[in-house]
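Structure first, commentary second.
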Amino acid sequence: MTILDGKHIASLIREELRAEVASIVASGRRAPKLGIVIVGHNPASETYVANKLKACAEVGINAEKIAFEDSISEAQLLQHIATLNADTAIDGFIVQLPLPAHINEQAILSAIDYRKDVDGLTPENIGRTVQGLPSIVSATPRGISELLSRYGISTEGKHVVVIGRSNIVGKPMAMLLMQRPYLSLPNLSAATIGNATVTICHSKTRDLKSICLTADIIIVAAGCPGLLTADMVREGATVIDVGITRVEDPNSPKGYYLSGDVDFASVAPKCAFITPVPGGVGPMTIVSLLQNTLQAYKQ
Ligand code: NAP
């Protein structure tokens, strides 16, 4: 069994990005710039934004935090989105989710110019991904594709079970895997990503266990700690755990620990490859945002 070390692969990609941005700047052009919109003071969101700002700084991408109070109206936020769309100094921007309940997330995401949508969440980018056209792919599916590729794990001809059908992970992941090898991910040379036979599962799926037992690769993004257990995984499968849930634990220093969706201790011994939580998909997601920003800059 091999543990897929997302932390290590992400650090290699950061090195590549740092070199590329340095050569851009050395040639006299400005560095890429990312805008990060955050509304309110959700502690988890604040942490994610701080991590993204740090990751940008590490590779030489300029990043600007654009913070608004909870009291901002949907109309006012839409105005700011329009300003960012028109700002030629910003190559791409993201809106940190979740937004406060009085703001319609879909209305905000849909207002982003898809060429600046480095989270890959606009209907245009998702539609273009479905059609196999060049697009900016949501960071987590992009990161998982990169991780599989860099470990030489081809998905061609394999049966991949994706558990979860969110717009941010499950759906775009399934789309990338069922496509002919995908145009928008030019760095993926080590192994074929795409050409898989994909089954998408969700909370209403009957007999998840039987479906998972037929999988060569299982990608689980449900947000249910311990959902995937050893009896659901066949010998030699590859398991990608996307889940990150804060589980309250008075004995841990922070009062909680982070749990994936996989019962790692029992599942890992059966696997050919498996990702840990933390240190698997999470670091790949952050570095994919940087790759997407550079992609938007080049476009
Ligand atoms: P989401 O929008 O809540 O979607 C969860 C999906 O899982 C839904 O489609 C849901 O089905 C399905 N599901 C829930 N319980 C299930 C069950 N018992 N059996 C089968 N399917 C089930 O979540 P998300 O945004 O995709 O995120 C999923 C997890 O990944 C979360 O823990 C999140 O924190 C994590 N995440 C991690 C990263 C990273 O970088 N590592 C990035 C993004 C998300 P229904 O559609 O029927 O409700």
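The values are calculated or read from the model by the stated rules, or taken from the named source; none is laboratory data. This one's a predicted model, so the numbers in the text were calculated from it and none came from an experiment. Neighbour counts run over all protein chains shown; Cβ positions are idealised from the backbone, glycine included. Protein only, heavy atoms only, side chains kept; ligands, DNA and RNA dropped before computing areas. Shrake-Rupley method; radii C 1.70, N 1.55, O 1.52, S 1.80 Å.
When nucleic acids and ligands are ignored and a 1.4 Å probe is applied, M1 ends up with an accessible area of around 120 Å². Under a Gaussian network description of the chain, with springs only between Cα atoms under 10 Å, the residue in F68, F273, F264 that fluctuates furthest is F68.
For the range 241-299, how big is the tail of P(r) above 20 Å, as a whole percent of Cα pairs? Cα-Cα pairs in the range 241-299 separated by more than 20 Å: 45 percent.
Put simply, the amide H of T199, placed in the peptide plane, has neighbours under 5 Å in V160, V161, V162, leaving out anything fewer than 5 places away on its chain.
Placing a pseudo-label 7 Å from each Cα along the Cα-to-Cβ vector at S110 and A67 gives an inter-label distance of 3.1 nm.
Taking every alpha-carbon pair in the chain and binning the separations at 5 Å intervals from zero gives 1, 5, 12, 16, 18, 17, 14, 10, 5, 2, 0, 0 percent. Taking the chain as a Gaussian network of alpha-carbon nodes connected by springs under 10 Å, the highest mean-square fluctuation of the residues P172, P43, P276 belongs to P43. Other residues within the sphere of radius under 11 Å centred on the Cβ of T140, judged by their own Cβ, net out at -1 (K and R +1, D and E -1). Accessible area of D241 (1.4 Å probe, protein heavy atoms only, ligands and nucleic acids ignored): about 10 Å².
Among the listed pairs K7/K52; K7/K65; K33/K54; K158/K209; K7/K158, those with a Cα-Cα distance over 21 Å are K7/K65; K7/K158. Solvent exposure of the chain amounts to 45 Å² per residue of accessible area, where only protein heavy atoms count and the probe is 1.4 Å. When all protein chains stay in place and ligands, DNA and RNA are ignored, the 1.4 Å accessible-area order of R234, R180, R206, largest first, is R206, R180, R234. Taking only alpha carbon atoms, the range 148-299 gives an Rg to Rh ratio of 0.98, where Rh is the Kirkwood radius.
Taking each DSSP H run with n ≥ 4 as -39500 (n - 2.57) and averaging over every residue of the chain yields -11500 deg cm²/dmol at 222 nm.
Rolling a 1.4 Å probe over the protein heavy atoms leaves S203 with an accessible area of roughly 100 Å². Considering only T129, T197, T238, the mean-square fluctuation computed in a Gaussian network model of the chain, springs between alpha carbons under 10 angstrom, is largest for T197. Here the accessible area of the chain is 55 percent carbon and sulfur, with a 1.4 angstrom probe and all protein chains present. Classify the range 88-224 as rounded, prolate or oblate, taking a ≥ b ≥ c as the square roots of the eigenvalues of its Cα gyration tensor: rounded when a/c is under 1.5, otherwise prolate if a/b is larger than b/c and oblate if not. Cα axes put the range 88-224 in the oblate bin. Here the label points at K7 and A101, each 7 Å from Cα along the C-beta direction, are separated by 3.8 nm in the simple model.
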